[in-house]
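The values are calculated or read from the model by the stated rules, or taken from the named source; none is laboratory data. Keep in mind the model is a prediction, meaning the values are calculated, not measured. For neighbour counting, all protein chains shown are included, and Cβ atoms are generated from backbone atoms with ideal geometry for every residue, glycine included. Calculation scope for accessible area: heavy atoms of the full protein, side chains included, ligands and nucleic acids excluded. Shrake-Rupley method; radii C 1.70, N 1.55, O 1.52, S 1.80 Å.
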Amino acid sequence: MSTQTASNSPITNRRRGTIQRWSRTLIPTLREAPAEAVNPSHRLMLRAGCIRQVGAGVYEFLPLGMRVLQKVSQIVREEMDAAGSAEMLMPAIVPLELYADTKRDVEYGDLLFRLTDRHGRGAALGPTHEETVTEMAKGSVSSYKQLPLNVYQIQTKFRDEFRPRAGLLRGREFLMKDAYSFHLSVEGEGGLNETYDRMYQAYVNVFTRCGLDFTVVEAEAGPIGGSASHEFMVNADTGEDTIMVCPATGYAANVEKCEIGERTWSFDKSAPAELTKKHTPGMPGIDLVAEHLGVKPEQMLKTIVFQKVGGEKRKYVLATVRGDHDVNEGKVRDTFGFPVEIADEKEAKEAGFAIGYVSPKMVERRDDTLLVIDPDATAGTWATGADEKDHHVTGFSWSRDLDAELPEQGKQSGRIRVGDIRNAVTGDPSPRNASAKLEAKRGIEVGHIFKLGTKYADAFKFIILDEKQKKQTVIMGCYGIGVSRTVASSVEMSHDDSGIVWPIPIAPYHVIITVMDPDKDEHAKVAADLSEKLADEGVDVIIDDRKERPGVKFKDADLIGIPVRITIGDKALADESVEFKLRTDDGKGRLVEIAHVVQETLSKLSNA
Ligand code: ATP
Ligand code: MG
């Protein structure tokens with residue numbers, strides 16, 4: 001084996017490739033994955049011996065998985081450094097005192113892993129580090145001359161997720177890159193927007209370099225408003241997030257945030273059927289009720305009760321959408337100029353709302369209640385709750401059955417309004433192009449950038465003097481990448497029936513050299529020579545030198561997803577050749593002369 005060290009020069013970055021032997025590392029491949037592993041990345045990473053489960057949502061990275069994690073981390077590091085962020089490392093243990101002013105320990109609730117030390121002091125295992133970093137910056141930055149500042153870390157995070165699932169996709173312990181920036185202005189040179197845009201571009205670079213197919217979407221806006229938050233979503237049918245895209249303009253948004261284009265509406269559909277009360281006992285879900293009433297869910301109204309946040313006076317907002325639609329909390333939140341949240345079920349029942357059977361008519365019965373109706377829930381005859389447990393009505397008509405003044409298009413005011421309060425669905429008009437229709441896709445959130453504003457600096461009273469000796473509260477941004485989730489997402493995106501198909505830039509090895517008969521000196525020698533030459537060119541090689549049947553080795557090579565397979569066997573050697581196959585090729589592969597293998601490998605790796 002070579003005696004050369006990894007880097008040929010102490011100052012250049014050019015890396016020599018790694019050479020490892022399967023028999024000397026640990027890749028415990030499995031024929032079957034445990035039944036609970038249903039997501040492709042979970043199943044295949046377990047089977048490929050990349051990860052192993054230690055506890056619920058807690059995994060160890062075995063050597064193969066670790067190599068991928070390191071490659072993604074390295075790409076993240078390079079792009080963050082290039083974008084002007086400085087790497088640091090904060091402790092995972094966050095003293096609870098740090099949450100005293102932000103109350104995020106309360107906000108996080110059970111998601112926070114808590115511990116108590118031998119002296120009885122409380123701490124949390126950091127789910128993210130806004131408090132720690134704000135405290136750090138407050139203690140170290142005293143002059144405007146030190147801003148803007150952008151720091152990041154790549155660190156294990158802890159969240160006691162209610163339902164850890166899908167292996168690395170939602171773990172309770174996971175690797176995150178989190179960055180935080182500090183500014184004295186939003187606009188202009190050195191301002192938040194400049195860094196935000198730079199981070200946006202760095203994220204595009206990271207996920208492009210990782211070989212991922214992704215969409216950048218607008219996410220729920222921060223306190224500054226506008227498009228102050230973006231998520232980076234890997235396109236995968238197995239994703240938990242719904243993203244809406246406008247094919248005509250490229251507008252893309254998380255469904256939590258997606259606007260819907262203008263819709264016309266009116267209440268004046270006449271000839272309604274008779275209003276009839278029906279008994280609908282013990283039917284959970286709108287589908288069962290609709291079936292029982294002999295209507296379709298889209299002929300029903302669904303009314304959700306919201307309550308005012310803060311303030312002394314009890315105030316309620318009813319949000320009514322069509323039965324097949326979902327109310328969007330974020331859209332309802334500010335309809336009437338004060339913030340609301342979904343009402344606590346018990347409290348709302350005590351206040352007189354028949355939760356599960358609420359109808360819009362409650363607005364005429366109570367003067368502490370306002371109503372907002374989605375445009376698609378206006379004209380027509382509807383089935384709706386009867387404001388009485390276990391009862392619904394059919395034949396409800398807004399204009400006939402509501403004794404309250406209904407709004408007209410363009411003239412909104414009063415206690416009843418019509419507005420976009422639901423999640424967008426496929427076919428809705430695009431908010432950017434009146435004639436285009438939105439399409440829904442699934443995605444996995446791998447990155448999130450956010451304009452925080454002064455939320456944390458306010459809490460920590462992080463105030464410094466600007467150039468004109470004027471006191472300024474520091475403005476912040478935060479930027480996260482789920483590094484371990486990115487690894488899993490690449491598998492969700494890229495695999496086949498035989499196993500993982502790693503994108504080349506993050507593959508644990510670029511080449512697997514399968515030695516048919518490791519006991520034969522000539523086989524071993526050709527493998528050693530080729531691997532040295534490939535490593536000299538920066539290629540990472542694993543030599544499968546196990547004494548296993550060729551069929552087992554080929555299956556494993558496919559399972560662990562190495563982009564290029566070079567097979568050394570007697571038949572090819574007789575022609576001074578090896579068998580050369582890409583992971584994405586079908587069949588056996590083709591003969592390539594030994595003298596040309598390095599060139600062929602390099603060209604395939606760089607063209608893919
Ligand atoms: P989610 O909505 O999926 O719970 P989040 O929006 O709460 O995630 P952020 O606080 O934005 O997460 O964290 C930054 C990144 O960390 C996310 O974009 C995601 O890639 C990653 N991440 C968050 N939670 C987990 C987890 N439980 N397991 C793995 N990665 C995670
Ligand atoms: Mg997020």
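A few points about this structure:
- For the chain, the relative contact order is 18 percent, taking Cα pairs closer than 8 Å that sit 6 or more residues apart in sequence and dividing their mean separation by the residue count.
- Backbone phi angles across the range 424-440, fed through the Karplus curve with coefficients 6.51, -1.76 and 1.60 (θ = phi - 60°), yield HN-Hα couplings of 5, 10, 3, x, 5, x, 5, x, 10, 8, 4, 9, 9, 10, 5, 10, 8 Hz in residue order; Gly and Pro are listed as x.
- For the range 541-595, applying the loop criterion from DSSP together with a ceiling of 11 other beta carbons within 10 Å to the trypsin sites (Lys or Arg not before Pro) yields 547, 588.
- Largest accessible area first, the listed residues 119, 183, 510 line up as 119, 510, 183 when surface is computed with a 1.4 Å probe on the assembled protein chains.
- Spin-label model, residue 409 to residue 598: label points 7 Å out along the Cα-to-beta-carbon direction sit 7.2 nm apart.
- Our helix-only sum for the chain, with -39,500 (n - 2.57) per DSSP H run of n ≥ 4 divided by its residues, gives a mean residue ellipticity at 222 nm of -7000 deg cm²/dmol.
- Kirkwood hydrodynamic radius (C-alpha pairs) into Stokes-Einstein, the range 509-607, 10 °C and 1.306 mPa s, D in µm²/s: 120
- Hull volume per residue, based on the alpha-carbon atoms of the chain and their convex hull, is 216 Å³.
- Label positions at residue 498 and residue 529, each projected 7 Å from the Cα along the C-beta direction, are separated by 2.7 nm.
- Values of log10 I(q)/I(0), in the order q = 0.13, 0.15, 0.16, 0.20 Å⁻¹, for the range 39-195 under a Debye, Cα-only, solvent-free model: -0.76, -0.96, -1.05, -1.28
- Computing FRET efficiency as 1/(1 + (r/R0)^6) for residue 346 and residue 432, where r is the C-beta to C-beta distance and R0 is 35 Å, gives about 0.25.
- Computed from Cα atoms, the angle from the helix 483-493 axis to the main principal axis of the chain rounds to 90 degrees.
- Our summary gives the range 509-607 a relative contact order of 29 percent, counting only alpha carbon pairs under 8 angstrom and 6 or more residues apart.
- With the convex hull drawn around the C-alpha atoms of the range 452-569, the volume per residue stands at 169 Å³.
- Projected area averaged over orientations for the range 194-267, convex hull of C-alpha atoms, nm²: 7.4
- Amide proton proximity set for residue 582, modelled H, under 5 Å, gap of 5+: 565
- Length gained when the stretch residue 288-residue 463 is fully extended (0.36 nm per residue, less Cα-Cα span): 57.3 nm
- Backbone N within the range 124-149 under 20 Å of label point (7 Å from residue 81 Cα along the Cβ vector): 149
- In the range 331-412, GluC sites (Glu not before Pro) in a DSSP loop with at most 11 other beta-carbon atoms within 10 Å: 405
- Base-10 log of normalised Debye intensity for the range 423-486 (one unit scatterer per alpha-carbon) at q = 0.13, 0.25, 0.27 Å⁻¹: -0.68, -1.00, -1.04
- Once the Cα gyration tensor of the range 276-418 is diagonalised, semi-axes √(5λ) in Å: 23, 18, 13
- Helix 597-607 axis, angle to the chain major axis (alpha carbon atoms, nearest 10°): 20
- When the range 109-157 is reduced to its Cα atoms, the Kirkwood hydrodynamic radius in Å: 13.2
- The angle between the Cα long axis of helix 192-209 and the main principal axis of the chain comes to about 50°, on a 0 to 90 degree scale.
- For the range 509-607, the antiparallel share of DSSP beta bridges with both residues in that region comes to about 45%.
- In order along the range 149-158, phi translates into HN-Hα couplings of 10, 9, 10, 9, 9, 10, 8, 6, 10, 10 Hz, rounded to whole numbers, per the Karplus curve 6.51 cos²θ - 1.76 cosθ + 1.60 with θ = phi - 60° and x for Gly and Pro.
- Residues with amide H under 5 Å from that of residue 170, placed H, sequence gap 5 or more: 165
- Ligands, DNA and RNA left out, the accessible area of the chain computed with a 1.4 Å probe is 48% carbon and sulfur.
- Neighbour cut-off at most 12 other Cβ (10 Å), DSSP loop, GluC sites (Glu not before Pro), the range 25-70: 32, 36
- FRET efficiency estimate (nearest 0.05) - Cβ-Cβ, residue 52 to residue 146, R0 56 angstrom: 0.80
- Spacing of the two label points (7 Å from each Cα toward its C-beta) at residue 273 and residue 30, in nm: 5.3
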